[in-house]
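Structure first, commentary second.
The values are calculated or read from the model by the stated rules, or taken from the named source; none is laboratory data. A quick note: this is a predicted structure, and the numbers were derived from the prediction, not measured. Positions of Cβ are backbone-derived with ideal geometry, glycine not excepted, and every protein chain shown enters the neighbour counts. In case anyone asks, the SASA skips ligands and DNA or RNA and just uses the protein heavy atoms, side chains included. Shrake-Rupley method; radii C 1.70, N 1.55, O 1.52, S 1.80 Å.
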Amino acid sequence: MPERERTRHCVSRRDPRHRGTAVSRRGAGACALAGLFLATAASLAPRAARAAPTPQLTITLAPAAAGADGNIPYVDVRVVAPDMHVAAGKPLLRLPLVSSNVTTLAGNLEGLRAADARGPLSLTTRDDPPSGLMYFRHWYASRPVSGTLTIRYRAPISNALNSRGAAPPLELRTEAGGFSGDASTFLVLPDSDRTYRIALRWNFAALGPRAAGLSTLGAGDVGLAAGDQAVIRKLNAVYDNGLYVMGGLIHIHPSPLSGAGFMSAWQGEPPFDADALMKWTQALYDSYVRFFRAPPGRPYEVFLRRNLVNAGGGVEVGRSFVGTFDRQTAAQDFKLTLAHEMVHTFVGGLDDPRGLLSSWYSEGLAVYYERVLPWRAGLISTHDFLTDLNKTAARYYTDLLSDTPNSRIPARFWADTRVRVLPYDRGSLYFAALNAQLRRLSHGKRSLDDLVLQMIDRRRRGLPVDEQAWASVVRAAIGQRGVTQLEAMLAGKLVLPSSAAFGRCFVRTATRLRRYELGFDSAVLMEPARVVRGLIPGSAAARAGLRNGDRIVKPVPQDAIQADQSARLTLLVDRGGKTLSITYLPRGAEAETYQWRRRRDVPDRDCDL
């Protein structure tokens with residue numbers, strides 16, 4: 001789930017959806033023109049001074065030894081930033097207080113201190129007012145700062161559940177001698193728009209020679225040895241673009257890590273053969289490289305860790321994916337999640353509008369291709385394909401809020417699971433319907449693949465990749481009616497692919513399924529206290545004994561349950577100092593629903609999509 005100038009050397013900030021690329025939106029053509037201009041200028045003024053090299057900011061992570069429970073209690077962090085010049089009264093350092101609904105360590109850092117060329121600095125803090133998905137704590141120095149700035153502090157790891165409820169797995173977590181987390185939740189950086197070469201160093205002195213480190217920057221120490229390609233990035237974009245780390249006594253595949261192509265790491269012991277799953281994922285990734293015509297050898301990382309609240313999902317962090325598991329997670333269930341997230345790496349999203357307003361495109365394509373591409377590659381069965389398709393269809397057609405306009409999704413995304421899943425479900429069915437229309441009109445010669453590859457090519461050539469660009473690509477393919485259909489989908493009109501939308505092997509059927517009904521105001525689950533209100537009389541929650549005023553003491557996952565007609569929801573509540581467990585089937589009235597079934601008269605070899 002949920003986003004993104006070029007320097008004089010034609011190197012851009014790495015887009016979180018295309019981590020690792022060195023071509024910005026102006027594209028390779030602009031770089032070529034810039035190179036021609038610079039070469040001409042050099043011939044006219046051979047004595048012109050060369051541009052100063054980009055300074056290197058170095059981050060060192062030193063995890064403590066694991067305790068008897070296998071947990072690492074803290075990570076000591078050291079950040080060194082050369083050539084800093086900040087006036088007194090100007091913000092010097094920053095760290096988000098909240099990042100994508102995750103409460104960070106900004107208020108719990110231990111021993112934070114900073115020094116410049118003149119010595120130690122006295123620091124004060126100032127917090128942004130709560131706003132959006134990310135807002136900051138800023139640190140100020142009492143005097144001007146100049147020269148090399150060194151920041152030191154300890155980041156404690158508590159493994160406490162996120163107090164804000166549903167959120168991606170970004171916070172620091174530890175298990176079995178390993179730890180992981182996203183920079184936006186624990187890494188203090190200079191509050192600057194300066195461009196630096198970002199280097200990462202691991203200090204495993206407390207964990208011994210078996211410790212290893214992997215990050216979205218690469219394997220092990222990055223940007224420190226001669227020849228290493230450190231990441232060039234503006235500091236004010238590091239949190240947005242994502243820097244994820246996993247280190248310690250972790251498992252890795254392949255072993256040793258290659259430093260290029262597919263790499264993975266996981267902490268703890270999943271309830272499945274993680275090495276076999278990562279081999280499967282590597283095969284799928286290689287097939288994606290071929291299908292999306294991507295340059296081979298570009299690094300891509302998968303990180304896996306335990307999650308006790310909403311396991312089985314995860315989050316894209318740049319050119320990587322962070323997945324989660326619990327004791328019930330099966331490798332088969334995880335495969336399509338991995339397939340989904342890797343699509344993001346190649347397809348990306350729209351540049352405008354940004355964020356959740358364009359998630360119908362990025363998430364819709366990811367859901368569509370998460371089953372199509374593994375099926376084509378022979379990495380999932382026809383049965384697996386159909387099961388995933390029908391889960392999506394069931395969740396969409398029973399969603400009471402399926403007519404929510406796209407413009408209203410950002411405001412309710414985290415507060416209501418029925419809104420949160422719409423970009424995924426509605427978007428994927430829109431693309432399925434469009435694919436069927438393209439195939440029918442071209443007699444099988446064109447498909448959605450062609451349009452998506454056009455959009456990817458636009459990005460590579462530095463052309464706009466936005467909603468208007470998509471509309472123009474669709475208009476060129478099927479005319480103005482394609483744009484009208486896009487606008488209708490965005491307005492909330494029901495999307496219904498044709499019976500043959502998924503090829504000759506499947507046919508659409510109508511059935512009745514029950515709508516998802518939490519039974520009380522869903523906004524409760526996003527509040528720190530989580531006190532039940534708005535209980536629906538006669539609902540399954542009310543019949544199970546839930547009452548207004550009950551305090552829910554543990555975060556509640558819903559997204560997966562909403563797709564499963566038989567999944568029961570368990571709430572752990574406090575009522576007058578007494579803890580109660582309340583379990584019920586969160587379903588309400590029936591709704592007309594569409595599913596697809598396998599045709600028995602068409603063999604697998606004749607399936608086409």
Sole exception among (1) modelled with pLDDT of 95 or more; (2) closer than 30 Å to T54 by Cα for R290, by number: (2)
Close pairs (6 angstrom Cβ cut-off, 6 or more residues apart or separate chains): open to solvent by 70 Å² or more (accessible area, probe 1.4 Å) in segment 452-466, not β-branched (V, I, T) anywhere: R461/G27
Any hit, segment 289-300, residues being open to solvent by less than 10 Å² (accessible area, probe 1.4 Å) and touching a helix residue (DSSP H, G or I) at 6+ places or on another chain (Cβ under 9 Å): yes
All positions within segment 34-73 that are modelled with pLDDT under 50 and either exposed (fewer than 12 other Cβ atoms within 10 Å of the Cβ) or within 33 Å of the chain's Cα centre (by Cα) (or both): L36, F37, A39, T40, A41, S43, L44, A45, P46, R47, A48, A49
Enumerated helices (runs of 4 or more DSSP H) restricted to segment 375-431, each holding at least 3 residues that are farther than 24 Å from A589 by Cβ and open to solvent by 30 Å² or more (accessible area, probe 1.4 Å): 382-397
When residues of segment 336-374 are limited to those that are crowded, with 21+ Cβ neighbours inside 10 Å and among the charged types (D, E, K, R), the one nearest to A469 (Cα to Cα): E363
Test result for L105, closer than 23 Å to V322 by Cβ, open to solvent by 40 Å² or more (accessible area, probe 1.4 Å), assigned to a loop (DSSP other than H, G, I, E, B) and out of contact with any Gly (no Cβ under 8 Å at 6 or more places or on another chain): no
Verdict on R439 being under 23 Å from T345 (Cβ atoms) and surrounded by 18 or more Cβ atoms within 10 Å (Cβ to Cβ): no
Meets criteria (at negative phi, touching a helix residue (DSSP H, G or I) at 6+ places or on another chain (Cβ under 8 Å), modelled with pLDDT of 95 or more and open to solvent by less than 10 Å² (accessible area, probe 1.4 Å)) for V245: yes
Residues that are open to solvent by 10 Å² or more (accessible area, probe 1.4 Å) and part of a helix (DSSP H, G or I), drawn from segment 325-335: A331, Q332, D333, K335
Residue identified as within 24 Å of T174 (Cα to Cα) and among the aliphatic types (A, V, I, L, M) among L235, L257: L257
Failed condition for D286, given (1) crowded, with 18+ Cβ neighbours inside 10 Å; (2) outside any loop (DSSP other than H, G, I, E, B): (1)
Conditions (1) at pLDDT 95 or above; (2) in a strand (DSSP E or B); (3) touching a Pro at 6+ places or on another chain (Cβ under 8 Å); number of the one not met by V98: (1)
Extreme residue, nearest to V79 (Cα to Cα), among residues of segment 146-176 that are charged (D, E, K, R), open to solvent by less than 50 Å² (accessible area, probe 1.4 Å) and assigned to a strand (DSSP E or B): R173
Candidate set from segment 557-583 (those that are among the basic types (K, R) and not in a loop (DSSP other than H, G, I, E, B)); member that is least open to solvent (accessible area, probe 1.4 Å): R575
Residue ID - nearest to T60 (Cα to Cα), chosen from residues in segment 183-199 that are modelled with pLDDT of 95 or more and assigned to a strand (DSSP E or B): L189
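Just a yes or no: is a residue in segment 534-556 at positive phi, within 27 Å of the chain's Cα centre (by Cα) and surrounded by 12 or more Cβ atoms within 10 Å (Cβ to Cβ)?
Residues of segment 534-556 that are at positive phi, as a first pass: 534, 538, 545, 549.
The next check asks that each one be within 27 Å of the chain's Cα centre (by Cα); those that pass are none.
No, segment 534-556 contains no residue that is at positive phi, within 27 Å of the chain's Cα centre (by Cα) and surrounded by 12 or more Cβ atoms within 10 Å (Cβ to Cβ).
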Enumeration of residues in segment 283-301 that are within 13 Å of P254 (Cβ to Cβ) and either charged (D, E, K, R) or under 19 Å from the mean Cα position of the chain (by Cα) (or both): Y285, D286, P299, Y300, E301
Segment 251-279: number of residues that are part of a loop (DSSP other than H, G, I, E, B), over 22 Å from the mean Cα position of the chain (by Cα) and more than 19 Å from D221 (Cβ to Cβ): 4
The lone exception for S522 - which of (1) more than 25 Å from the chain's Cα centre (by Cα); (2) within 30 Å of T103 (Cα to Cα); (3) not β-branched (V, I, T) it fails: (1)
Selected residue (criterion: surrounded by the most Cβ atoms within 10 Å (Cβ to Cβ)) from residues of segment 115-138 that are of a type outside the set (G, A, S) and not in a strand (DSSP E or B): L121
Members of segment 505-532 found to be open to solvent by 50 Å² or more (accessible area, probe 1.4 Å) and under 18 Å from R587 (Cβ atoms), listed by number: T511, R512, R514, R515, E517, D521
Every residue from segment 299-328 that is modelled with pLDDT of 90 or more, within 30 Å of L572 (Cα to Cα) and touching a Phe, Trp or Tyr at 6+ places or on another chain (Cβ under 8 Å): F303, L304, R305, R306, V322, G323, F325
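The rows are residues; the columns are (1) over 21 Å from G242 (Cα atoms); (2) aliphatic (A, V, I, L, M); (3) within 30 Å of the chain's Cα centre (by Cα).
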| position | (1), (2), (3) |
| --- | --- |
| V75 | no, yes, yes |
| A81 | no, yes, yes |
| M84 | yes, yes, no |
| P91 | yes, no, yes |
| R94 | no, no, yes |
| L121 | yes, yes, no |
| P129 | yes, no, yes |
Pair list, Cβ under 7 Å, 6 or more apart: segment 403-414 residue on the phi > 0 side of the Ramachandran plot, other residue open to solvent by 30 Å² or more (accessible area, probe 1.4 Å) and polar (S, T, N, Q): none
